[in-house]
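What follows is a short report on a single structure.
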Amino acid sequence: MGDKMSGTIITITSGKGGVGKTTATANVSTALALQGKQVVAIDADIGLRNLDVVMGLENRIVYDLVHVVEGACRLRQAMIKDKRLDGLYLIPAAQSRDKSAVSAQDMITICEQLRADFDFILIDSPAGIEQGFKNAVAPADHVIVITTPEVSAVRDADRIIGLIEADEKGPARLIVNRLRPDMIERGDMLDTTDVIDVLAIDLLGVVPDDESIIVSTNRGVPAVMENNSRAGQAFRNIAGRLLGQDIPLMEIEAPTSWLHRIGKLMRRP
Amino acid sequence: MNWLNALFGRQEPTSRDIAKNRLQLVLVQDRVNMSPQLVQTLKDELIAVISKYVEIDAENMEVTFTQSKRQSRLTADIPVIGARAER
């Protein structure tokens, strides 16, 4: 893989499950590789592996993270090369084991080895605040917290942000996922400003709720590979920001009805 | 009556407003790890301690946790009526 690099280790976590950690990890990793970077994504959710199916690499797994930790294979052997992109690799989680099979120190050792060969090492954290989360955050240079604009997800995000700060891994940056402009418009969903007000951390990106995420997960092709996916564009923007590019936030707008427009005119002072 | 709300501006707080409000309150408790009951106990003990030195208007005392960025701050606003007569 050529010259010695000094890669950046980024952990994606959330507290609450099901808010889009794995989707974000797959898409941001793929988007970084699309920009010509050497990227490895690590699934740290031991026992509940999923990053492999989201990336469409589930049929190529021979060795996993636990095999590496236990010395059953070399690190290289557990790295699955992506089908479509040069420079994108996956280290899958073990499916038949539990969190105790890997320690925080194991994660640090593995990531430090990878740092020499990759520009980015992205870690998909398990949900929760237990050992699996701690293992995922231990090697991180930066932590990304992802939430949806729902009370329960935001509350858990706040908890995890506090733990990240206590661990001296902060300040974390936030992705607000699955925004629905129509609901925000009618006052039935928190918008990005509300979430940022409450959590008081920096915003890394906003991702609209988008059916194309489900379709792309069905196919095992991350949405960033599709040019006309809105969510895919949002994740490409996030990857660009991680590369230091100055990309404005995606406008998440509702299709406005004529009644709303008249209403706005009438309310104008 | 969504279209009426859209036309005239709605009066009721939206579920979005309610969500934000509830979150702000619950996060204050989460961050300092204190239940409303514990805050009441803190308030009672504050009254007891301060009353040893000055006469206060306990009825109108306010003890609140506020947030600036991710820093929690305990603010006590205690009206003083006068000095204790006997020391």
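Only the coordinates and a few stated rules stand behind these numbers; no lab work does. The structure displayed is predicted, hence computed values, not measured ones. For neighbour counting, all protein chains shown are included, and Cβ atoms are generated from backbone atoms with ideal geometry for every residue, glycine included.
Using R₀ = 25 Å, calculate the FRET efficiency as 1/(1 + (r/R₀)^6) where r is the Cβ-Cβ separation of A:D167 and B:M61; round to 0.05. After rounding, the FRET efficiency stands at 0.10. Between A:R84 and A:D141, the modelled labels are 2.7 nm apart [label points 7 Å from Cα along Cα→Cβ].
For A:I9, the residues whose modelled amide H falls within less than 5 Å of its own, excluding neighbours fewer than 5 places apart on the same chain, are A:I121, A:D141, A:H142.
Exposed loop sites were defined as trypsin sites (Lys or Arg not before Pro) in DSSP loop states (anything but H, G, I, E or B) carrying at most 14 other C-beta atoms within 10 Å; in chain A the longest segment without such a site runs A:85-269.
Evaluated on chain A, the Kirkwood hydrodynamic radius is 19.0 Å, with distances taken between all distinct Cα atoms. Taken along the Cα-to-beta-carbon direction at a fixed 7 Å, the label points for B:L25 and A:S100 span 4.2 nm. Distance between the modelled labels on B:L74 and B:Q11, one decimal in nanometres: 4.2 nm (7 Å Cα→Cβ projection).
Pick out, in residue order, every one of the GluC sites (Glu not before Pro) in segment B:11-87 that is DSSP loop and has at most 11 other C-beta atoms within 10 Å; say none if there are none. Here the sparse-neighbourhood loop sites are B:E86. Which whole-angstrom value gives the distance between the alpha carbon centres of segment A:1-78 and segment A:212-256? First find each Cα centre; the distance between them is then 19 Å. With 0.36 nm allotted per residue and the present C-alpha distance subtracted, the A:V215-A:I196 stretch has 3.9 nm of extension available.
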